[in-house]
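Notes follow once the structure below has been shown.
The values are calculated or read from the model by the stated rules, or taken from the named source; none is laboratory data. Just so you know, these numbers come straight off a predicted model, no measurement behind them. Note that each Cβ is placed from the backbone with ideal geometry, even for glycine, and that neighbours are counted across all protein chains shown.
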């Protein structure tokens, strides 16, 4: 399983999610995409996972199928998401 993060540079909730993941949940993101980057890979990922706002944390399987998603800074939702990871 992988953790994917979608964020923006000027997004305060994005920074809060980053701190919560590293300081509280002790997890590291496997892939990170700034939604304002215009490179092909970022644009494809944003479209594939229908990212409409940030922050978004995705938990995906090895075939990039979505297992779970958290949108915004919601600590209890993030804790629940990572309980699925095992």
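From 21, 58, which residue is in contact with a helix residue (DSSP H, G or I) (Cβ under 8 Å, 6 or more places away or on another chain), under 17 Å from residue 81 (Cα atoms) and modelled with pLDDT of 95 or more?
21
Considering only the stretch 24-45, how many residues are in a helix (DSSP H, G or I) and touching a helix residue (DSSP H, G or I) at 6+ places or on another chain (Cβ under 8 Å)?
Residues meeting the conditions: 1.
Within the stretch 19-33, work out how many residues are over 9 Å from the mean Cα position of the chain (by Cα) and surrounded by 14 or more Cβ atoms within 10 Å (Cβ to Cβ).
Here the count works out to 4.
Surrounded by 14 or more Cβ atoms within 10 Å (Cβ to Cβ) and over 22 Å from residue 79 (Cα atoms): is that true of residue 16 in this structure?
In short, no.
Can you confirm whether the stretch 46-62 contains a residue that is assigned to a strand (DSSP E or B), surrounded by fewer than 17 Cβ atoms within 10 Å (Cβ to Cβ) and either without any contact (Cβ under 8 Å) to a residue 24 or more places away in the chain or over 11 Å from the mean Cα position of the chain (by Cα) (or both)?
No, that holds for no residue.
What residue, among those in the stretch 67-86 that are surrounded by 13 or more Cβ atoms within 10 Å (Cβ to Cβ), without any contact (Cβ under 8 Å) to a residue 60 or more places away in the chain and outside any helix (DSSP H, G or I), is farthest from the chain's Cα centre (by Cα)?
In this case the residue turns out to be 74.
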